[in-house]
1. Restricting to the stretch 37-51, what's the tally of residues that are surrounded by 15 or more Cβ atoms within 10 Å (Cβ to Cβ) and either of a type in the set (Gly, Ala, Ser) or closer than 11 Å to Leu96 by Cα (or both)?
2. When only residues in the stretch 16-61 that are of a type in the set (A, V, I, L, M) and in a loop (DSSP other than H, G, I, E, B) count, which is farthest from Val108 (Cα to Cα)?
3. Quick one: Val87 ticks every box in (1) open to solvent by 40 Å² or more (accessible area, probe 1.4 Å); (2) within 27 Å of Glu127 (Cβ to Cβ); (3) more than 16 Å from the chain's Cα centre (by Cα) except a single one, so which number is it?
4. If I ask for residues that are open to solvent by 70 Å² or more (accessible area, probe 1.4 Å) and either of a type in the set (Ser, Thr, Tyr) or free of Cβ contacts under 8 Å to residues at least 24 places away in the same chain (or both), which ones from the stretch 102-129 would you list?
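The values are calculated or read from the model by the stated rules, or taken from the named source; none is laboratory data. Not measured: the values here are computed from a predicted model. Counting neighbours? That spans all protein chains shown, and the Cβs are built from the backbone with ideal geometry, glycine included. Ligands, DNA and RNA are stripped out before the accessible areas are found, and what is left, the full protein with its side chains, is counted by its heavy atoms. Shrake-Rupley method; radii C 1.70, N 1.55, O 1.52, S 1.80 Å.
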Amino acid sequence: MIIDSNLVLMDSSPVLGAAVTGNAVPLTSFLKPGREEPIPICAKVVGTDFAGGTSITFKLTQCATSDGTYTDVPGSSVTVALADLTVGKSIGWRFLPRGVTAPWLKMVATPTGTFTAGKVFGAVVREDALPYEAGMFIDKGVVKG
């Protein structure tokens, strides 16, 4: 996967006790980014599994300017339980939601409970990141996983 450093929402950001807001990402070449062809977005647990709390709610926020007041993207809120916050697990979105109508985007992670470990990576990416899962790889005629 090719990642543009200008499009990284969160770069191994720890989400422990308080809400974490990622970087502002410019989607300024689109009039209404969510109405374009599908734009892949990747959000994953990285580093170590989350530990401590009970869940994290992830959402996208948008704004007309990079330093203005951000509002929630309609329908973008996703709550992930602790059991699903393990390394490599994808979070929430595969493509930019249709509700993204402004040219600046941020990702917000709000934990429920106090976490002692766990980090998140999120970015608008060039291609859809769908690696093989168990049962999808065949080696010399034998299904792996």
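1. 5
2. Leu31
3. All conditions pass for Val87, except number (3).
4. Matches in the stretch 102-129: Thr114, Thr116.
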